[in-house]
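S.K.: Before anything else, here's the structure in question.
FYI, it's all coordinate maths here, none of it is from the lab. Note that the structure is a prediction, hence the values are computed from the model and not measured. Here the Cβ is made from the backbone with ideal geometry for all residues, glycine too, and neighbour counts use every protein chain on show.
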Amino acid sequence: MAVKLKFYKLIINFEGEKTPPLSLMFEDGDTVALIFSRDFYNKALIDFLHFIPTDYEGEATFLGKDFKAFTNEDKEKWQKSFASVCFLYPLINNLKVIENVYLPVFYRDNIKEDLVFDKAYSILEELGIEKKFNQLPAFLSNFERKLAIFARAKMLEPAIIYYGNVFSELDEDKKDYFSGKIAEFHNERTDRITIITSRSENELNELEALKFNKIINI
Amino acid sequence: MIKAFLEYLFEKLFGGIYNLISFLVIVIDEFIKNFPKGYLAVRKIVYKQIYFSGVEALRLTVQLGILLGIVIVTQMAAFIKGLGGVNLIGKILLVAIIREAIPLFIAVIMIARSGTAITSELGLMKINGEVLSLKSLGIEPVYYIVFPRLVAFTISLFTITLIAAFVSVITGSFTLFLFEKVSFADFYDALFLNMSIFDLVLFSLKNIAFGITIPLICCFYGLSIKKSATEIPQMATKSVLSCFLYVFLLNVILDFLVLIWQ
């Protein structure tokens, strides 16, 4: 198994606070649960992974290269490999659901809109929210919004996907449905790394579809 | 003490201009860094914004053009006719409508209509985390949000001001014909005889300058909003007042420059 992503004593300085040191290796095919005692750690880590300016200590490497030594090309490579599903990065309210789903690929690759539209629609169909494709996000339920954010991440076909507290405030049926879809997506590629964060270990243990090979409490 | 006071005075007088110029430099820099990445997505935003600020504002500007044409001509025609005849009416109409009134009136309407909308929209995006969301998707917010608004607003303002000027000249000629019995041929002869390259240059310069300044100010204030929704009306008010100030200031500067050039 190849190590794709590695943190060694990673401490993120975020909004005047520091996260506890995190040492972890992510290998191809891993499904990792990160149990955060505070929401703040989730926010700090996800901003850090998206290169939204955050100061950090320790090491973070992707394919053996330190984040600090990243060139613009490395950053682009990382951005093509990584996506997140998190309410901290919501849908864009003045774009329709389908526009939100295809926007990152449409922007990144300058592909004709018709082509990305078809792909985005098929992803919405897979998740069962295709009827809402033409709606603005404000008209979606909380769960549908989560699914639409998931669809946006799926569109990017990332090798590493980060789910930030996605199961909070969902009832059992919806948790099972969502975790099933996450597991399906994980299994589409043998080298995909899935990182799921939560405030509660019990919440993740209840999910039958997902088998975690690493559970880290922070 | 005096140095501190002078610095304070300088900051108050030129701080705003410095911030705006710096922001414009950032917008241009982001465009140079990113283009042609995201070209199709940015173009789509330009079209959308042209629709919101141009097409949807068209009816109002045409109505304003009609009213301005009638008001200015009826107010001035009666006594000017006695002084210098049709030729002077053409000249006054040219200066009053094409050079001054129409560009300023349309700019004011656009500030009230689209400027506040831009500030509020961007402020809400910032508060909701949508700007951060764009960053997380590898989309540069200044390039994706601000640049298209600048382009679209400039195109829209230029076009609707041109239409409003055209409409006001037509209605002005009708008004003169109906109330002062000035023939269309005499009126248009007088108008075109008095029109020079300076008028067209000034008209274009004003529209381009206003078209860049207004959305720049509104985007700047919109993106300055930090976390609270209560900042939105405050910033919207600030952006409107700043827009008025800079538009009138630019109007004076451009008039003055063309006067020197002439």
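S.K.: With r as the distance between the Cβ atoms of B:V62 and A:K119 and R0 = 41 Å, compute the FRET efficiency 1/(1 + (r/R0)^6) and round to 0.05.
M.R.: Values: r = 42 Å, r/R0 = 1.03.
My answer for the efficiency is 0.45.
S.K.: Using alpha carbon coordinates only, what is the Rg to Rh ratio of the protein assembly as shown, with Rh defined as the Kirkwood radius?
M.R.: 1.11
S.K.: Let me ask another. Kindly write out, for segment B:251-259 in residue order, the coupling ³J(HN,Hα) from the Karplus curve 6.51 cos²θ - 1.76 cosθ + 1.60 (θ = phi - 60°), rounded to whole Hz, with x marking Gly and Pro.
M.R.: Going residue by residue, I get 4, 5, 4, 5, 4, 5, 4, 5, 4 Hz, with x marking Gly and Pro.
S.K.: Sort A:H186, A:H50 so that the residue with the fewest other Cβ atoms within 10 Å of its own Cβ comes first and the one with the most comes last.
M.R.: With the sparsest Cβ surroundings first, the list reads A:H186, A:H50.
S.K.: Amide H of A:I215: which non-local residues (sequence gap of 5 or more, or other chain) have their own amide H closer than 5 Å, using H built in the peptide plane?
M.R.: Excluding prolines and chain starts, which carry no amide H, the hits are A:A33.
S.K.: Work out how much length A:A209 to A:I111 would gain on full extension: take 0.36 nm times their residue separation and subtract the Cα-Cα distance, in nm to one decimal. Kindly include the intermediate steps, with their values, before the conclusion.
M.R.: On the way: separation 98, 0.36 × 98 = 35.28 nm, distance 3.44 nm.
Taking A:A209 through A:I111 to full extension adds about 31.8 nm, to one decimal.
S.K.: Could you pull out the trypsin sites (Lys or Arg not before Pro) across segment B:174-249 that fall in loop regions by DSSP (anything but H, G, I, E, B) with no more than 12 other Cβ atoms inside 10 Å?
M.R.: For trypsin sites (Lys or Arg not before Pro) across segment B:174-249 that sit outside H, G, I, E and B with at most 12 neighbouring Cβ atoms in 10 Å, the list reads B:K181, B:K226, B:K227.
S.K.: At q = 0.13, 0.16, 0.23 Å⁻¹, what log₁₀ I(q)/I(0) does a Debye calculation on the Cα points of segment B:117-222 give, no solvent, two decimals?
M.R.: Evaluating at q = 0.13, 0.16, 0.23 Å⁻¹ gives log10 I(q)/I(0) of -0.65, -0.79, -1.16.
S.K.: Give me the three principal axis extents of segment B:35-151 from the C-alpha atoms, as integers in angstrom, largest value leading.
M.R.: Rounded to whole Å, the extents work out to 69, 28, 18 Å.
S.K.: Among B:V108, B:V258, what is the fewest-to-most ranking by other Cβ atoms within 10 Å?
M.R.: Neighbour counts put them in this order, fewest first: B:V258, B:V108.
S.K.: May I ask you to derive the relative contact order of chain B, considering only C-alpha pairs under 8 Å and at least 6 residues apart, and to give it as an integer percent?
M.R.: It rounds to 32 percent for chain B.
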